[in-house]
1. Any idea of Tyr29's accessible area? Nearest 10 Å², probe 1.4 Å.
2. Probe radius 1.4 Å, ligands and nucleic acids left out: which of Lys92, Lys45 has the largest accessible area, and how do the rest follow?
3. When only the heavy atoms of the protein chains count and the probe is 1.4 Å, how do Ser161, Ser15 rank by accessible area, highest first?
4. If Ser190, Ser60 are ordered by their accessible area, calculated over protein heavy atoms with a 1.4 Å probe, which sequence runs from highest to lowest?
Amino acid sequence: MRAWKGRARTRQGRSAEQDRAAGGHELRYVELGDGRRACASIELKVYAKTRRIRAYLRWSDKGKSPAVYVGEVDCDTRAENLAAAWQAVKDKGLLGAPSSSPIEASWASTPAVRQVMKGNRSRDTVPERRLRSAIHALGLRYRVARRPVAELRRTADLVFSKAKVAVFVDGCYWHGCPEATHYRPSQKNSDFWRQKITTNQQRDRETSRLLCEAGWTVIRVWEHEDVYAAAARIAEVVRGASYQPVSRSPVR
């Protein structure tokens, strides 16, 4: 029951729950056409016969409540299932680009933008948590959000100290995913956001180079990648680290 049934009894509580799962209130909007948009929510339904949980995207439009089937979710808690469903919504391109999102607005130009930026968490993101869970299920243990090299001010998302393997989970937008369906360049204030993402990419390359020079193997995983395939790739590198030469370039 904890995987799908909500406890928030007030409208404000339910909205806050959806905001957390989506990564911010301004990331919950769908385009209705004619310049209109509506705030959407994820509804979880469990089917008695199969016990499978299905996620639907719902919103209100002129007294009606349209719904779009998002897919099945299978996490242990409601919060994780909501977050996984919102990620699927984003991957499917079901949301519009609100004018106050970071893709469409200048840097912190409004309170809404600051809210979105605040929602861009630096650790414990949904892709990170799902990857950690998959790796843990393979019997591997790791440290979270640690510096592989103490004197180097660079933090990896997962660190396998004994094998000297550092894993980074890169967000498709903020790190400039090469796949066009996962990274859509900004149309407004484009110079600012292009420079910011370019700076992130330069820092990524520098981080990988510095860690490789220090004898570490660097693995970078895009947030859109299949979590189980990524976990298997990481496990193969970690378990074979004692028998293979150190990688001198990031493993993708």
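The values are calculated or read from the model by the stated rules, or taken from the named source; none is laboratory data. Because the structure is a prediction, the values reported are computed rather than measured. Note: accessible area is taken over every heavy atom of the protein model, side chains too, but ligands, DNA and RNA are not part of it. Shrake-Rupley method; radii C 1.70, N 1.55, O 1.52, S 1.80 Å.
1. Roughly 40 Å² of Tyr29 is accessible to a 1.4 Å probe.
2. In descending accessible area the options line up as Lys92, Lys45.
3. Details: Ser161 65, Ser15 40 Å².
Most to least solvent-accessible, the answer reads Ser161, Ser15.
4. Most to least solvent-accessible, the answer reads Ser60, Ser190.
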